[in-house]
1. Scan region 75-96 and give yes if some residue there is at positive phi and assigned to a loop (DSSP other than H, G, I, E, B), otherwise no.
2. Just to be sure I understand the filter: pairs with C-beta atoms under 8 Å, separated by 6 or more residues or on different chains, first member in region 78-103 and in contact (Cβ under 8 Å) with a residue 60 or more places away in the chain and farther than 25 Å from D170 by Cβ, second member β-branched (V, I, T) and in a helix (DSSP H, G or I). Which pairs pass?
3. Taking the residues in region 64-77 that are over 17 Å from D103 (Cα atoms) and in contact (Cβ under 8 Å) with a residue 60 or more places away in the chain as candidates, determine which candidate is surrounded by the most Cβ atoms within 10 Å (Cβ to Cβ).
4. Give region 176-207 a look and list any residue that's in a loop (DSSP other than H, G, I, E, B), in contact (Cβ under 8 Å) with a residue 12 or more places away in the chain and over 17 Å from I124 (Cβ atoms), or say none.
5. Only one of N158, N162, N149, N232 is among the polar types (S, T, N, Q) and modelled with pLDDT of 95 or more; which?
6. Could you tell me whether region 5-13 includes any residue that is under 20 Å from the mean Cα position of the chain (by Cα) and either at pLDDT below 95 or outside any helix (DSSP H, G or I) (or both)?
7. Among the residues of region 105-136, write down those that are part of a loop (DSSP other than H, G, I, E, B), β-branched (V, I, T) and either touching a Lys or Arg at 6+ places or on another chain (Cβ under 6 Å) or at pLDDT 70 or above (or both).
8. As an exercise: evaluate L102 against (1) in a loop (DSSP other than H, G, I, E, B); (2) aliphatic (A, V, I, L, M); (3) under 30 Å from N232 (Cβ atoms); (4) at pLDDT below 95 and give the number of the one condition it does not meet.
Amino acid sequence: MTVQTKKPTPRWVQIAWLVVFGFVVAINSPAASAYHYDTGNPRLHNKQIHYAGTGHSSVDEDFCTQVADGDGGLSEATLRARVDDTVLSQPSHWDGAGSWKLDMYHTSTTCFDPANGDRSAIEIQYRTYKYQTSGKGCGDGISCVTHYNEVSSGKGHNDFLNEVAWLDQDHVTASQYSYRQLISHETGHTVGFRDPSYGSCMTYLSIMHIPYYGCADPGSGPTSSDLSTLANSIMP
C-alpha cells in the first residue's frame, strides 16, 4: 500500500484545520492531479456504484459503523447517528446519487458482528479509533480510507468490493459542520474521488477540495459538481 504524500502546509492552515481535521488521506491512491476523481486501473471505488437495484438489494452499498478503538468519548449510538446524518440525511449527501446507483443502506449490526460484519457482506465500514489500531493502514491522528478485494468491474477496469473508512475519534466528536465535512470527504474516497495536490483546486467546489488543501470551503457535503461527476463520469 502507498500513502498519498502531502505538500507542506502553511502554519495558519495547520492551526485552523489540523486541530479539528488532522490529515485526510486515501490509501493505495495514485499521485494526485487536478482531477478530483480517480481514472486509474484499478479505480479506487466500490464496484457496486456501477449498478442500481430496487429496494434493499444485493447491489446496494451496505455500510456499518464501529467504535473500533476509543477512550469512551464516543458511543456506538453517537457514531451511528453522525454517519447516518452525514451520508443519508444532511441537505447535501451521497445517498441516491446517479438515479440511486449509489444506494447506501446502514445495516442493523456493527462492523465486527460475527454474523454480518465480515467484508463479504458489507461494502463500506466506518470505524473510529482513538489510538493506533492494528491493520488500520494509516497513522495516529489521521482519517483515511483503505480498499480491499480487487475485482473486475465489468466496465473495462478493476474496482474493489470493500472499503474501510478509518475516522479519527477527535474528528467525529468535533462540531456538526466539521464531522459532516470529514465523513463526507472520506465517503468521497469510497466512491471514486481523490485528494488534490496542495493548492490545485478546481474552478468549481468539491468536498474533496477542503481548506486543508488551500481551497475554498466547499460546504459539509458533496457539491452539485461532485454529484454530477459521480453520475456522469464514474458510475456509467
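The values are calculated or read from the model by the stated rules, or taken from the named source; none is laboratory data. Keep in mind that what you see is a predicted model, and the values were worked out from it rather than measured. For neighbour counting, all protein chains shown are included, and Cβ atoms are generated from backbone atoms with ideal geometry for every residue, glycine included.
1. yes
2. G98/I49; K101/I49; L102/I49
3. V67
4. D195, P196, S197, Y198, G199, S200, C201, M202, Y204, L205, S206
5. N158
6. Checked against the condition, which is being under 20 Å from the mean Cα position of the chain (by Cα) and either at pLDDT below 95 or outside any helix (DSSP H, G or I) (or both), region 5-13 yields at least one hit.
7. T107, T109, T110, I122
8. So L102 meets the others, but not (4).
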